[in-house]
Amino acid sequence: MDQRIVEFIAGLRAAGVRVSIAESQDAFNATRFMGIFSRDDFRHSLRTTLVKEVSDQPVFDDLFPLYFGTDSPPMLNLNDDLSPEEQNMLQQALRALLEQLRQQNQQGKPGEQGNNQFQQGNSSLNSRQLDSLMQLLQALLNGQNLSQESLDQAGQQSGLQNARRPYEQRWVQSRMMRELGMRLLEELMKQLPDKLKQMGMSQQSIDQLMQGMEENKDALAEQISRHIGRSVAEQRAEEHEQNREDPQPDDLMHRPFDRLSEEEADELRHEVRRLVAQLRSRAALRRKRHKSGVLDTKKTLRSNLRYGGVPLELKYKRRHLKPKIVLICDLSTSMRNTVSFLLRMVYELQDQISSTHSFGFVSDLGNITEDFAEHPPNEALEIVLARPDLQPGYYSTDLGNSLNTLMARFAGTIDHRTTVVFVGDGRNNHRDPRLDLMQQIQRRSKRVVWFNPEHPRMWGTGDSDMVEYLPLSNGVYRVSNMAELTEAIDKLLTSS
């Protein structure tokens, strides 16, 4: 149990909760004094000693069941409530449905004579998925948890080992449920009552059996969810500790993106998570300091009229501390390194941002928001950089045309709370910069800023339109290396 508490504390720290060595010792002392037989006493002992801020309580509540389980009732052996004859009916019905599914899989098409219940999405099943379904059925009927080996194997197949952030749990869980046969089980359970009724089982027994199967299925789904959550928390804690002990060389932070070797770029990609953790801590601290907002004089006077203003209760205007961001990213060859690192960092920081809409452009604009919504940042980035409509060409960059597409199709993403961030060098191959559209964007948005890797002395040279765009912007940040990019993102979170 002591080791599990150590792992839990590491998970809290990795999630941003500050826990000192003294507080860790207090937690051990409290649990030894209160004991571990009462789950509520054990939980309150840890929460009282490890959590100091109200804002950290949800993190504790999320992680506690991942490390110490839940108090849900145990699963039931469903065979115990069935007579021998009913057990035989159940086994025959399941065998028939599984055989039907297996035949459809071998034929690669729906079964005939009305046996099309499993048609949708199951034509490409493999034998491993069918075996997983049979194991899942056995666990469900016997009221047994899935084995650790089954969970580990399904996690490996689903990419669980690559998940490091809470928001990645959703897509891993979807893949893992499919890998373990949970989706097939749900389809099978829809057909089972009719099959049992045909075989002569009473409606009361069918209803009781299906209720038990639903409850056991929910318990298995919860076990899978806990396994994923704990794995993500442990991997994040391990990474957090490794980054503390083995930081990367500082000089790489100041090396220009266009001079990085592939090996150095890989080192910086691993560095991103440590930088994101620092930015997240700073942003959280700023929100804590400024959460009260600006004094609202009218509301203060109005609310204090009822008791004469003694004592005076201050009222504050609500502050929107998390920014809304629209990213417009130049994906031409010269900008790809810079954009890649920026997108990684911004999408790792989604918990610090109210909403993000992202677009990439070369000759025209493409919406890449959904790519990042449906995939983890690293995977989404690979998809975006491989998109045919966003491939760089010979003198093909056209920001003016991209602005036209933005305002024609996606103007609704920009409002008075939005900070629009252009990530590019402002080079437009002597095409129309569409300053009129940039003026519209500036009027609609809260702020317009540029992240430009070029030195200011290069602005306006050759095909650069930065000198024209500058008066229509609220700020330009140079982002030629990782140190500058990190500082620019920090300022973006501060002032947006």
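The values are calculated or read from the model by the stated rules, or taken from the named source; none is laboratory data. Remember, predicted model here, so these are calculated numbers, not experimental data. Note that each Cβ is placed from the backbone with ideal geometry, even for glycine, and that neighbours are counted across all protein chains shown.
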Which condition number does Ile368 fail, the rest of (1) in contact with a Ser or Thr (Cβ under 6 Å, 6 or more places away or on another chain); (2) surrounded by fewer than 20 Cβ atoms within 10 Å (Cβ to Cβ) being met? (2)
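Does Phe361 satisfy the criteria of being in contact (Cβ under 8 Å) with a residue 12 or more places away in the chain, over 22 Å from Arg273 (Cα atoms) and surrounded by 23 or more Cβ atoms within 10 Å (Cβ to Cβ)? Lay out the reasoning, then the answer.
Numbers: in contact (Cβ under 8 Å) with a residue 12 or more places away in the chain: yes; over 22 Å from Arg273 (Cα atoms): yes; surrounded by 23 or more Cβ atoms within 10 Å (Cβ to Cβ): yes.
Against the criterion (in contact (Cβ under 8 Å) with a residue 12 or more places away in the chain, over 22 Å from Arg273 (Cα atoms) and surrounded by 23 or more Cβ atoms within 10 Å (Cβ to Cβ)), Phe361 qualifies.
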Would you tally the residues in region 164-205 being at pLDDT 80 or above and of a type in the set (Ser, Thr, Tyr)? 2
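Can you tell me which residue in region 274-300 is modelled with the lowest pLDDT, limited to those that are part of a loop (DSSP other than H, G, I, E, B) and either surrounded by 16 or more Cβ atoms within 10 Å (Cβ to Cβ) or among the charged types (D, E, K, R) (or both)? Write out each step before concluding.
Kept after step one, since they are part of a loop (DSSP other than H, G, I, E, B), are these residues of region 274-300: 291-294, 296.
Going one step further and asking which of them are either surrounded by 16 or more Cβ atoms within 10 Å (Cβ to Cβ) or among the charged types (D, E, K, R) (or both), we end up with 291, 296.
Working: Lys291: 54, Asp296: 74.
Out of the qualifying residues, it is Lys291.
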Would it be correct to say that Gln235 is assigned by TED's automatic domain parsing to the domain that holds Gln135, at pLDDT below 75 and polar (S, T, N, Q)? yes
Considering only region 408-422, I want to know if a residue exists there that is of a type in the set (A, V, I, L, M), out of contact with any strand residue (DSSP E or B) (no Cβ under 8 Å at 6 or more places or on another chain) and free of Cβ contacts under 8 Å to residues at least 24 places away in the same chain. yes
All conditions in (1) modelled with pLDDT under 85; (2) out of contact with any Leu (no Cβ under 6 Å at 6 or more places or on another chain) are true of Arg226 except (2)
Restricted to region 468-485 and to residues being charged (D, E, K, R) and in a helix (DSSP H, G or I), the residue farthest from the chain's Cα centre (by Cα) is Glu468
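Please verify whether Arg18 is surrounded by fewer than 19 Cβ atoms within 10 Å (Cβ to Cβ), basic (Lys, Arg) and outside any helix (DSSP H, G or I), treating the condition exactly as stated. Please lay out each step first, then the result.
Details: surrounded by fewer than 19 Cβ atoms within 10 Å (Cβ to Cβ): yes; basic (Lys, Arg): yes; outside any helix (DSSP H, G or I): yes.
Criteria met by Arg18.
Given the options Thr405, Thr413, Thr356, name the one that is farther than 20 Å from Asp258 by Cβ and touching a His at 6+ places or on another chain (Cβ under 7 Å). If you could, list the steps in order and put the result at the bottom.
Numbers: Thr405 fails: touching a His at 6+ places or on another chain (Cβ under 7 Å); Thr356 fails: touching a His at 6+ places or on another chain (Cβ under 7 Å).
Step by step, each of Thr405, Thr413, Thr356 is checked, and only Thr413 is farther than 20 Å from Asp258 by Cβ and touching a His at 6+ places or on another chain (Cβ under 7 Å).
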Test each condition in (1) over 21 Å from Met482 (Cβ atoms); (2) out of contact with any strand residue (DSSP E or B) (no Cβ under 9 Å at 6 or more places or on another chain); (3) not acidic (Asp, Glu) for Ser354 and report the one that comes out false. (2)
Pull out all pairs, ordered by first then second residue, where Cβ-Cβ is under 6 Å, the residues are six or more apart or on different chains, the first lies in region 77-91 and is under 15 Å from Glu215 (Cβ atoms), and the second is of a type in the set (A, V, I, L, M) and assigned to a helix (DSSP H, G or I). Leu78/Leu141
Say we look at region 450-460 and pick out the residues that are touching a helix residue (DSSP H, G or I) at 6+ places or on another chain (Cβ under 9 Å) and modelled with pLDDT under 85; which of these is farthest from Ala488 (Cα to Cα)? Gly460
Pick from Gln157, Gln153, Gln161, Gln119: which is at pLDDT 80 or above, more than 19 Å from Arg95 (Cβ to Cβ) and not β-branched (Val, Ile, Thr)? Gln153
With respect to Glu263, is the statement that it is part of a helix (DSSP H, G or I), at pLDDT below 85, surrounded by 15 or more Cβ atoms within 10 Å (Cβ to Cβ) and acidic (Asp, Glu) true? no
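Is there a residue being part of a helix (DSSP H, G or I), in contact with a Lys or Arg (Cβ under 8 Å, 6 or more places away or on another chain) and not aliphatic (A, V, I, L, M) anywhere in region 36-55?
Taking region 36-55 first, the residues part of a helix (DSSP H, G or I) are 39-50, 54-55.
After this cut, where a residue has to be in contact with a Lys or Arg (Cβ under 8 Å, 6 or more places away or on another chain) as well, the list is 55.
Keeping just the survivors that are not aliphatic (A, V, I, L, M) gives 55.
Yes, there is a match, as at least one residue in region 36-55 is part of a helix (DSSP H, G or I), in contact with a Lys or Arg (Cβ under 8 Å, 6 or more places away or on another chain) and not aliphatic (A, V, I, L, M).
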Please determine, by comparing only the residues of region 352-390 that are among the acidic types (Asp, Glu) and over 27 Å from Thr494 (Cα atoms), which one is modelled with the lowest pLDDT. Glu374
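Kindly indicate the residue of region 332-350 that is part of a helix (DSSP H, G or I), in contact with a Leu (Cβ under 8 Å, 6 or more places away or on another chain) and not polar (S, T, N, Q) and also nearest to Leu390 (Cα to Cα) among those meeting that condition.
Per the criteria, the residue is Arg336.
In the list Leu141, Leu130, which residue meets the criterion of being at pLDDT 80 or above, within 23 Å of Lys195 (Cα to Cα) and outside any loop (DSSP other than H, G, I, E, B)?
Numbers: Leu130 fails: at pLDDT 80 or above.
Within the list Leu141, Leu130, the selection yields Leu141.
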Listed residues Glu271, Glu313, Glu214; which is assigned to a loop (DSSP other than H, G, I, E, B) and at pLDDT 75 or above? Glu313
Cβ-Cβ below 9 Å, separation at least six or inter-chain, first residue in region 436-460 and in the same structural domain as Asn401 (by TED's automatic domain parsing) and among the β-branched types (Val, Ile, Thr), second surrounded by 15 or more Cβ atoms within 10 Å (Cβ to Cβ) and assigned to a loop (DSSP other than H, G, I, E, B): which pairs? Ile441/Ile414; Val448/Ser473; Val449/Ser473; Val449/Ser496
Scanning region 21-51 residue by residue, those among the aliphatic types (A, V, I, L, M), surrounded by fewer than 18 Cβ atoms within 10 Å (Cβ to Cβ) and within 25 Å of Arg280 (Cα to Cα) turn out to be Ile21, Ala22
